[in-house]
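One structure is given here, and the rest of the page talks about it.
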Amino acid sequence: MVTINPVHEIVRYAKQRHSTLQVILGPAGSGKSTVCKLVTDVILRECDPEERFRANPDHPTSVYLDLLDVVDIQKKWSCKLEELLEEMLRKPGETCPPGTYVIQYVQEKPTVITYDHFDLATNALIYAERFRLYKTLLGIVPKMIGRDDSQTHVVLPLRREVFRSNIEENTFLSIDGSIPSYDIHKLTLLPFTDEQIVDYLFRDYIIATSRELTRESIQLLQIASGRQK
């Protein structure tokens with residue numbers, strides 16, 4: 001078994017434009033969300049503020065979204081992508097950028113977009129509903145809508161036990177074969193505690209909360225939207 005730093009691996013893949021979809025697999029408590037937060041934070045810290053508004057593949061930016069922020073997802077799993085994005089970005093006291101602008105930004109700039117807690121948020125949905133929602137969320141990638149110039153990378157943490165078999169897992173993640181296997185990069189985490197993971201990945205590193213990272217994403221999108229006017 002080869003041990004790698006998953007944060008560095010995901011960032012490296014994004015910079016080298018490998019794999020549209022990066023899936024972080026692991027049991028509950030293995031640190032999937034922790035890795036997602038660190039990926040977002042590392043990319044934002046590495047990137048010069050000016051680079052966040054240029055289409056430079058060597059300096060991708062990052063947008064963090066939490067599916068648990070979609071209120072009553074059992075009624076909204078069939079919503080349009082822009083509506084789901086607005087649900088996840090809407091925070092008290094914050095002006096949420098329009099979902100259509102978020103899509104435009106992510107599709108035009110090299111971006112790593114994280115959909116955290118997909119498995120937890122969709123736990124009460126049946127397979128067909130979860131599949132439809134997943135397909136809608138992946139629609140933010142230009143490749144998925146018939147464009148080949150994709151610089152968009154989706155990071156998706158998942159508990160492997162949500163699938164009944166490897167065949168079901170591969171069928172789901174590839175959207176029935178729509179995404180080729182070479183465009184899906186899987187990383188499996190061992191069951192460590194958050195403290196052990198952070199100690200291994202980044203000594204003395206403070207993890208931002210989901211709310212803080214989403215707020216940073218909102219501010220980034222607000223500034224970008226203002227520049228475009």
What number of residues within the stretch 68-82 are in a helix (DSSP H, G or I) and out of contact with any helix residue (DSSP H, G or I) (no Cβ under 6 Å at 6 or more places or on another chain)? 3
Give me the residue from the stretch 171-213 that is modelled with pLDDT of 75 or more, within 16 Å of Thr114 (Cα to Cα) and not hydrophobic (A, V, I, L, M, F, W, C) and, out of that set, surrounded by the most Cβ atoms within 10 Å (Cβ to Cβ). His185
Of all residues in the stretch 74-88 being free of Cβ contacts under 8 Å to residues at least 60 places away in the same chain and either of a type in the set (Gly, Ala, Ser) or buried (at least 22 other Cβ atoms within 10 Å of the Cβ) (or both), the one that is nearest to Thr40 (Cα to Cα): Leu85
Among the residues of the stretch 49-63, is there at least one that is at pLDDT 85 or above and either closer than 20 Å to Tyr134 by Cβ or loosely packed, with under 13 Cβ neighbours inside 10 Å (or both)? yes
Before we move on, is Arg147 of a type outside the set (S, T, N, Q), at pLDDT below 90 and exposed (fewer than 13 other Cβ atoms within 10 Å of the Cβ)? yes
Which of the residues spanning the stretch 21-39 are among the hydroxyl-bearing types (Ser, Thr, Tyr) and at pLDDT below 85? Ser30
Going through the stretch 101-136 one residue at a time, which ones are among the aliphatic types (A, V, I, L, M) and assigned to a loop (DSSP other than H, G, I, E, B)? Ala124, Leu125, Ile126
Note: among Lys109, Lys135, Lys91, just one is surrounded by fewer than 21 Cβ atoms within 10 Å (Cβ to Cβ) and under 18 Å from the mean Cα position of the chain (by Cα), namely Lys135
Scanning the stretch 64-73 residue by residue, those buried (at least 18 other Cβ atoms within 10 Å of the Cβ) and of a type in the set (D, E, K, R) turn out to be Asp66, Asp69
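The values are calculated or read from the model by the stated rules, or taken from the named source; none is laboratory data. None of the values given here were measured: they were computed from a predicted structure. Glycine gets a Cβ as well: all are built from the backbone with ideal geometry, and neighbour counts include every protein chain shown.
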